[in-house]
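Enquirer: Before I ask anything, let me first share the structure, which is written out below as structure tokens.
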Amino acid sequence: MATIGLERWLQHLLEHLPIAREGQNPEGVHQVRVAVRRLRVWLRLAGMRVLEDDLAWLVRAAGEVRDLEVLLQHPTLPKAFRRWTETRLAQARAAFVPLLGAPRLSGLIQALSNLPPLDAQAALPRLERFLLQVRRREEEWQREGDLEHLHALRRALRRLRYAREWLGLNSQAIKTLQEVFGQAGDLSFTRRYLAAFEADGGRIPITFKKQLEADLAAALEAAREAWKTHRGSLK
């Protein structure tokens with residue numbers, strides 16, 4: 001009976017932790033989060049709750065750094081907003097980087113390396129739970145229609161995709177949806193940080209704000225159309 005170990009993504013995590021610590025390449029923090037999220041899904045497929053809190057801690061700890069690094073890739077940020085974002089990123093990194101040398105992280109890595117492989121046959125029934133969660137999040141989004149519920153659906157889709165990929169199943173339709181939903185996600189957190197900048201006394205050109213709202217509306221419409229197109233491919 002086939003078994004699936006977590007070594008590939010544990011190694012991926014180990015390779016990108018030093019890059020995340022150095023802070024020169026945004027892919028460092030991004031790939032740390034990708035690896036941790038994939039490992040969390042592996043644990044769920046294996047029917048394990050152990051280490052879940054520690055993995056969630058690491059994802060949360062890297063969250064603001066990743067958001068701000070993505071925000072700074074926006075090509076037309078107003079100069080004052082960009083400077084504010086750079087300052088906030090420096091503060092977020094100052095809080096995040098020491099955690100990468102914490103005993104909690106080294107203990108987490110050691111514990112992960114000692115876990116037995118999951119039984120693929122036993123994991124298959126658990127895959128249905130990931131799909132059911134997508135369906136629940138879909139219902140909430142269709143009912144409420146807001147960004148918060150779209151983000152929740154996006155997260156559920158990501159977990160379903162990772163679960164399918166751990167089991168060697170096709171996930172192309174989910175990848176397509178993730179890419180489209182991701183556009184709305186990036187624009188929405190740009191708006192959130194923009195509000196924080198303004199709360200700090202910053203001023204933004206009205207043309208930039210109008211363009212942001214127009215882009216976000218277009219991204220939401222694209223998300224709705226993509227869902228209509230690809231929903232039936234989710235199994």
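Enquirer: Do we find that ARG83 is in contact with an Asp or Glu (Cβ under 7 Å, 6 or more places away or on another chain) and open to solvent by 60 Å² or more (accessible area, probe 1.4 Å) in this structure? Step through it out loud before you land on a result.
Expert: On the way: in contact with an Asp or Glu (Cβ under 7 Å, 6 or more places away or on another chain): no; open to solvent by 60 Å² or more (accessible area, probe 1.4 Å): yes.
No: the conditions fail for ARG83.
Enquirer: Give me a count of the residues in the range 168-195 that are open to solvent by less than 60 Å² (accessible area, probe 1.4 Å) and without any contact (Cβ under 8 Å) to a residue 60 or more places away in the chain.
Expert: Residues meeting the conditions: 12.
Enquirer: Name the residues in the range 50-94 that are touching a helix residue (DSSP H, G or I) at 6+ places or on another chain (Cβ under 9 Å), among the hydroxyl-bearing types (Ser, Thr, Tyr) and part of a helix (DSSP H, G or I), would you?
Expert: THR85
Enquirer: On to the next question. What do you reckon, is VAL36 exposed (fewer than 13 other Cβ atoms within 10 Å of the Cβ), among the β-branched types (Val, Ile, Thr) and closer than 30 Å to GLU128 by Cα?
Expert: On the way: exposed (fewer than 13 other Cβ atoms within 10 Å of the Cβ): no; among the β-branched types (Val, Ile, Thr): yes; closer than 30 Å to GLU128 by Cα: yes.
The answer is no for VAL36.
Enquirer: Go through the residues of the range 121-133 one by one and say whether even a single one is closer than 20 Å to GLU225 by Cβ, in contact (Cβ under 8 Å) with a residue 40 or more places away in the chain, part of a helix (DSSP H, G or I) and of a type outside the set (S, T, N, Q).
Expert: Taking the range 121-133 first, the residues closer than 20 Å to GLU225 by Cβ are none.
No, every residue in the range 121-133 fails to be closer than 20 Å to GLU225 by Cβ, in contact (Cβ under 8 Å) with a residue 40 or more places away in the chain, part of a helix (DSSP H, G or I) and of a type outside the set (S, T, N, Q).
Enquirer: Is there a residue in the range 41-56 that is open to solvent by 10 Å² or more (accessible area, probe 1.4 Å), closer than 28 Å to ARG161 by Cα, over 21 Å from the mean Cα position of the chain (by Cα) and acidic (Asp, Glu)?
Expert: No, the range 41-56 contains no residue that is open to solvent by 10 Å² or more (accessible area, probe 1.4 Å), closer than 28 Å to ARG161 by Cα, over 21 Å from the mean Cα position of the chain (by Cα) and acidic (Asp, Glu).
Enquirer: Within the range 143-235, considering only helices (runs of 4 or more DSSP H) that don't extend past its boundaries, which have at least 3 residues that are closer than 19 Å to GLY63 by Cα? Can you show your working first?
Expert: Values: elements: 147-166, 172-199, 206-230.
Because the criterion is at least 3 residues that are closer than 19 Å to GLY63 by Cα, the helices (runs of 4 or more DSSP H) in the range 143-235 that meet it are 147-166, 172-199.
Enquirer: Does GLU139 count as touching a Ser or Thr at 6+ places or on another chain (Cβ under 6 Å), charged (D, E, K, R), assigned to a helix (DSSP H, G or I) and surrounded by fewer than 16 Cβ atoms within 10 Å (Cβ to Cβ)?
Expert: In short, no.
The values are calculated or read from the model by the stated rules, or taken from the named source; none is laboratory data. Just so it is clear, the model here is predicted, and its values are computed rather than measured. So basically every Cβ, Gly included, is an ideal-geometry build from the backbone, and we count neighbours across all protein chains shown. Ligands, DNA and RNA are excluded from the accessible area calculation, which covers all protein heavy atoms including side chains. Shrake-Rupley method; radii C 1.70, N 1.55, O 1.52, S 1.80 Å.
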